[in-house]
Amino acid sequence: MVIRPVTSRRHVIADDLRHQISSGQLKAGTRLPSEAQLATRYLVSTATLRSALALLQGEGLVEKIHGSGNFVRRPLRKITYAGGGSTSATWTAFSALLRMTARTTNIEAPSHLTTLLNVPPHSALTEVLFTTREGETPHGLAHIYVPHDLAPAAASLAEQIAVSPAELRPPLSEVQERVSARLPTQEEAMTLRISPSLAVLSVTRVLTDASGRMVEAALLVLPGDRADALFTTRFVTDKRSSEE
């Protein structure tokens, strides 16, 4: 006797919705019926229905917009974060098709930033929060922190960082980047409209000037289903040595 595994209801529901999406019955941007309506249609509890939707959210087929419902996600355009030491890597990495919004505030440095920037507790920092989007789909978050005495007027800092970041700071001696994969916080998942189970690419970037002072810290969060990281190392060959 052959024993076949029993397919769970959440997988049956996910398979059916997945087929409707792939066949074009449910088109990109379409709002799905409410969770209560879908649960009634499939004769399951709301918890089981949400579990099925979570599978599709994790696959990037469905996105849940807080307060609006579940939608068929439009095809994702991948972006590449080009690290490796370029002072403008954060911004040149994003496609011209993406638009960027920014919010600037003055804060007192919390403990993790005093360590990261090597500044005294409660030091004054200027924070710029960048959000990048393609249409209405969020593509990434970037928190930029600059010691307040190095920042221009808060109203212009965001625009200047986005347009000409290298002109804002003294010559750099080091750019240190730490890249890791982790699960998003609840706030990040809501802002980026991703499943809490989808890993994000987390980049911590610290810039140091020639005097050894940390002049900027950047904390970037990029959804794992729409971002790659590229690091290029170039070696300079001494032509004189090769000719001898």
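Where a number appears in this text, it was derived from the coordinates with a stated rule and is not lab data. Only a predicted model underlies this, so the values are computations on that prediction, with no experimental measurement involved. In this analysis, Cβ positions are derived from the backbone assuming ideal geometry, glycine residues included, and neighbour counts consider all displayed protein chains.
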Histogram of C-alpha separations across region 9-72, 10 Å bin width, %: 24, 62, 15
Linear extension gain, Leu150 paired with Thr105, 0.36 nm per residue minus alpha-carbon span: 14.8 nm
Residue-span extension gain [Gln176 to Ala36] - 0.36 nm each, minus C-alpha spacing: 45.5 nm
Theoretical gain in end-to-end length, Leu76 to Asp16 [0.36 nm per residue, Cα-Cα removed]: 19.4 nm
Residues of region 114-128 with amide N under 16 Å of a point placed 7 Å along Cα→Cβ from Thr191: 126-128
